[in-house]
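Following: one structure in structure tokens, then a few remarks.
The values are calculated or read from the model by the stated rules, or taken from the named source; none is laboratory data. Since this is a predicted model, take the numbers as computed values, not measurements. Cβ placement follows ideal geometry from the backbone for every residue including glycine, while neighbour counts extend to all protein chains displayed.
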Amino acid sequence: MEKKEIVLSGIRPTGNLHLGNYFGAVKNFVKMQETHTCFFFIADYHSLTTHPTPGNLQQNVRQVLVEYLAAGLNPEKATLYLQSDLPETAELYLFLNMNAYMGELERVTTFKEKARKQPDNINAGLLTYPTLMAADIIIHKANKVPVGKDQEQNLEMARTFARRFNHMYNVEFFPQPSAFNFGEELVKIPGLDGSGKMGKSEGEGNAIFLMDDPKVLRKKVMRAVSDSGPTEINQVKPEPIENLFSLLKVVSQPDVVDYFNDQYNNCNIRYGDLKKQLAEDMIAFTAPIRERIAELNADQDYITRVMNLGAEKARESGRHTVEEVRQIIGFRKYYPFT
Ligand code: TRP
């Protein structure tokens with residue numbers, strides 16, 4: 001049998017999933033689990049850089065897992081696990097850190113940004129974020145890493161660390177992971193505030209969460225930024241209007257999009273009508289996911305079983321890598337955790 005390519009991605013356990021996450025990432029993951037050997041993990045070690053309380057950590061990790069399951073990730077098809085349930089990751093991180101240099105780590109944009117945002121908490125975990133991320137990826141010898149643009153430099157570092165290890169020990173052990181998007185081009189999902197992409201840090205009302213109650217959702221959409229309407233036939237749409245149409249395109253039927261497009265082009269569009277339609281189509285789209293979130297939240301035993309299954313599958317893959325790494329490095333052949 002042909003060996004499937006290994007896909008891996010990490011999920012930060014922060015906040016709830018919104019439509020931007022769904023159409024920008026999760027939908028891809030759901031498709032990939034059908035065709036690739038997939039590992040998706042919740043990056044709970046990484047989350048310690050911001051010092052969550054034990055209660056918050058637990059709660060966030062569970063909620064993220066619930067929402068990803070509700071959105072269609074399947075624990076039987078993909079390996080869904082918590083990073084901390086594969087502690088060999090931390091060991092590999094230690095090894096990689098011995099060959100990761102201060103200068104190169106300090107130059108990473110995501111580090112510089114975070115250091116700027118939290119000047120009182122520039123900890124070593126923040127600096128070595130790329131080595132931990134590299135360990136996450138190469139512990140399963142992943143080939144493809146579906147991540148957003150903002151993570152490309154971290155991925156480049158992962159390639160560097162993998163190459164450096166191979167070179168140092170003169171082995172062809174770790175493959176070079178590359179960025180990956182599945183199927184059609186990634187859709188950029190704009191927010192409701194008139195400019196830029198959907199995100200939870202862009203302010204109240206900008207993002208539509210899968211969890212949003214229909215009432216809240218309607219309110220957010222009705223308040224979305226628009227303008228006073230086109231004044232010329234076939235006028236180019238300004239950004240806030242283009243954004244509303246982009247959202248319509250992902251949740252509504254093509255004839256609905258065409259209808260409002262014609263209305264716009266003929267200068268008789270009523271944004272109120274468009275927004276009402278958009279809100280209802282978003283509600284129809286999110287309703288089954290929201291129901292599933294509620295069901296899963298009511299069955300924490302199931303969530304625990306999903307975590308246990310994931311931990312088992314992840315360790316089955318990851319611990320072999322680290323066992324071999326220990327031997328390549330020159331440690332004695334003894335593995336205490338089997
Ligand atoms: N850094 C990623 C983010 O912020 C999360 C992440 C951690 C990750 N480890 C990873 C992504 C490994 C891909 C592969 O979104």
Problem set entry | Any hit, region 95-105, residues being within 18 Å of S9 (Cα to Cα), modelled with pLDDT of 95 or more, in the same structural domain as R163 (by TED's automatic domain parsing) and of a type outside the set (V, I, T) | no
Exercise. Can you name the helices (runs of 4 or more DSSP H) wholly within region 112-194 that have at least 1 residues being away from the ligand (no atom under 11 Å from the Cβ)?
Worked result: 124-127, 152-168
Problem set entry | Hey, T338 modelled with pLDDT under 95, of a type in the set (V, I, T) and farther than 25 Å from G196 by Cβ or not | yes
Exercise. Is region 250-260 home to any residue that is within 20 Å of L17 (Cα to Cα) and in a helix (DSSP H, G or I)?
Worked result: yes
For this session: Filter region 1-23 down to residues that are within 12 Å of the ligand (Cβ to nearest atom) and of a type in the set (S, T, N, Q) and give me whichever is nearest to A158 (Cα to Cα).
Result: S9
Exercise. Tell me, which residue of region 195-227 that is under 22 Å from the mean Cα position of the chain (by Cα), without any contact (Cβ under 8 Å) to a residue 40 or more places away in the chain and assigned to a loop (DSSP other than H, G, I, E, B) is surrounded by the most Cβ atoms within 10 Å (Cβ to Cβ)?
Worked result: N206
Exercise. How many residues are surrounded by fewer than 19 Cβ atoms within 10 Å (Cβ to Cβ) and either within 18 Å of Y93 (Cβ to Cβ) or of a type outside the set (D, E) (or both) if we restrict to region 30-43?
Worked result: 2
Exercise. Of all residues in region 44-58, which are surrounded by 13 or more Cβ atoms within 10 Å (Cβ to Cβ) and in a loop (DSSP other than H, G, I, E, B)?
Worked result: P52
For this session: Could you tell me whether any residue of region 178-185 is surrounded by fewer than 17 Cβ atoms within 10 Å (Cβ to Cβ), in contact (Cβ under 8 Å) with a residue 40 or more places away in the chain and aliphatic (A, V, I, L, M)?
Result: no
For this session: Return a yes/no flag: does region 19-36 have any residue that is within 17 Å of the chain's Cα centre (by Cα), small (G, A, S), at pLDDT 95 or above and part of a helix (DSSP H, G or I).
Result: no
Problem set entry | Odd one out for N123, checked against (1) within 22 Å of the chain's Cα centre (by Cα); (2) at pLDDT 95 or above | (1)
Exercise. Before we move on, is V64 within 13 Å of the ligand (Cβ to nearest atom) and touching a Cys at 6+ places or on another chain (Cβ under 8 Å)?
Worked result: no
Exercise. Has region 291-298 got at least one residue that is without any contact (Cβ under 8 Å) to a residue 40 or more places away in the chain, over 28 Å from K77 (Cα atoms), part of a helix (DSSP H, G or I) and not aromatic (F, W, Y)?
Worked result: no
